[in-house]
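Derivation of every value follows stated rules applied to the coordinates shown; laboratory data play no part. Since the structure is predicted, the reported quantities are computational estimates derived from the model, not experimental observations. Please note: Cβ atoms are built from the backbone with ideal geometry, for glycine as well, and neighbour counts cover all protein chains shown.
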Amino acid sequence: YVVDKGNHKHFMEKEIYEQPEVISHTLSHYIDFAEGKAKPIEGIDFANLDRLAISACGTAYYAGLIAKYWFERYARLPVEIDVASEFRYREMPLTGKMAALFVSQSGETADTLASLRYCKSEGVTIGAVVNVPESTIARESDAVFPTLAGPEIGVASTKAFTCQLSVLAALAIAAGKARGTLSDEQEAEMVQALVEGRRVLGEVLREIQPRIEALSRDLSHFKDVLYLGRGTNFPLALEGALKLKEISYIHAEGYAAGELKHGPIALIDEDMPVIVIAPHDQLYEKTVSNMQEVAARGGRIVLITDERGARETALQTMETIVLPQAAEIVTPLLYALPVQLIAYHTAVFMGTDVDQPRNLAKSVTVE
Ligand code: AGP
């Protein structure tokens, strides 16, 4: 990897556009595409676990949160997930057949390392999903699952996030196979979905870029933005809000769409755009009713969906971003792209220091 910006204005932009390549590369490390199978996992005996603990910080935590849905659904493995800075304080009993997984781009994040050491001192098997193979977290783990994103320079994590998702998706499939909760056919279908997913990433980036740039120009005039999603799109809503506030300094919040009526709906008016991440899946109808609640209160909606989702709503939107139809295991990878581009272009319009936002460090080595 050559660490320069190439033809891009910022490292963050370059790293967003590197994703089709690095995701492919990472997936190939964990999936045998010729055989249509996930490669077996070494170092953690997923077949014999009663539960899995995941902890991480920031964007890496959101990747873990998405993985919780996958491990529970596909491998029927209960997952406890915490932000690493809280993990030790709740004094979770580390008993039974459990393993702990730590997700970190840098492999040096102090909170994540502290929870790793805590689990280790209690005799728990440690796995690490890290982007820097020689990092402290990698060195102190029993099993290392590298993300092959290459160096990530922009403080806002982009390609490391989607590579974490790629590793975690492959691990969830392999765990499902090891635990006998996924059939050969289901595995083959999911692998095929990932093949198709990685094939369309580049095209998606090219196609959505102009609309997102125009949308971001409008968004840059607002002070607050709300992101909503259900299922795996809920952590993605959290990630969207984090990314936007980190680099554009616009106040943003992510919510589970169903929580809207339990509080944040009080904030809805024409001054707070609501970005709704809603592929046409089994949860789509419910999210549409949340959008109706927003529209009825004069809220502006930005809908990120697929062709079917776009066809099946008559709601007026500020913008609708349409992505290809994709299987559930692939949607977080695809939907991360518009979420990242919205934050990036909005920040560019705001004139902020995109790669080095104020008050933030790439790697947080204090607790
Ligand atoms: C992401 O955009 C952030 N800058 C931040 O939340 C980051 O993901 C977090 O600090 C964790 O870092 P790590 O992955 O290096 O452990």
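A few points about this structure:
- Amide H to amide H distances under 5 Å link Glu80 with Leu52, Ala53, Ile54, where only residues 5 or more positions off or on other chains count and H is placed in the peptide plane.
- Local net charge near Thr232, Cβ-Cβ under 14 Å (Lys/Arg +1, Asp/Glu -1): -1
- Debye equation applied to the C-alpha atoms of the range 45-129, log10 I(q)/I(0) at 0.21, 0.25 Å⁻¹: -0.94, -1.32
- Most mobile of Gln19, Gln105, Gln282 in a GNM of the chain (Cα contacts under 10 Å): Gln282
- Under 21 Å from the Cα of Lys286 - lysines, other chains or at least 8 residues apart: Lys261
- For the chain, built as a Gaussian network whose Cα springs stay under 10 Å, the top-fluctuating residue of Thr95, Thr112, Thr59: Thr95
- Each DSSP beta bridge with both residues in the chain is either parallel or antiparallel, and the antiparallel ones are about 5%.
- For the range 350-355, putting each phi into the Karplus relation 6.51 cos²θ - 1.76 cosθ + 1.60 with θ = phi - 60° gives couplings of 6, x, 7, 7, 4, 7 Hz, in residue order, rounded to whole numbers and with x for Gly and Pro.
- Residues with amide H under 5 Å from that of Tyr227, placed H, sequence gap 5 or more: Glu253, Gly254, Tyr255, Ile275
- For the set Lys9/Lys68; Lys37/Lys245; Lys9/Lys159; Lys5/Lys243, the pairs lying more than 28 angstrom apart at their alpha carbons are Lys9/Lys68; Lys37/Lys245.
- Stokes-Einstein D in µm²/s, Kirkwood radius over Cα pairs - the range 1-54 at 25 °C with 0.890 mPa s viscosity: 171 µm²/s
- Largest GNM mean-square fluctuation among Lys286, Lys177, Lys243, using the chain with Cα springs under 10 Å: Lys286.
- The range 302-348, relative contact order [Cα under 8 Å, separation at least 6], %: 36 percent
- The range 1-101: relative contact order as a whole-number percent, Cα under 8 Å and 6+ apart: 26 percent
- Each Cα pair under 8 Å and six or more residues apart adds its separation to the average, and for the range 70-176 the resulting relative contact order is 27 percent.
- Under-5 Å amide H pairs with Val364, H placed in peptide plane, nonlocal only: Ala110
- Each principal axis of the Cα cloud of the chain was taken in turn, and the coordinate range along them, longest first, works out to 54, 44, 41 Å.
- Summing Cβ point charges (Lys, Arg +1; Asp, Glu -1) relative to the Cα centre of the range 1-152 gives a dipole of roughly 280 debye.
- Scattering profile of the range 267-367 at q = 0.14 Å⁻¹ [log10 I(q)/I(0), Debye over alpha-carbon scatterers]: -0.66
- Mean Cβ count within 10 Å, highest first, over the residues of peptides 132-143, 70-81: 70-81, 132-143
- Across the range 227-242, coupling constants 3J(HN,Hα) worked out from phi with the 6.51/-1.76/1.60 Karplus curve, θ = phi - 60°, read 10, 10, x, 10, x, 5, 7, 5, x, 5, 5, 5, 5, x, 5, 4 Hz, and Gly and Pro carry x.
- Backbone geometry of the range 145-150 corresponds, through the Karplus equation with coefficients 6.51, -1.76 and 1.60 at θ = phi - 60°, to 3J(HN,Hα) couplings of 10, x, 9, 9, 7, x Hz, x marking Gly and Pro.
- When the range 16-171 is reduced to its Cα atoms, the Kirkwood hydrodynamic radius in Å: 15.4 Å
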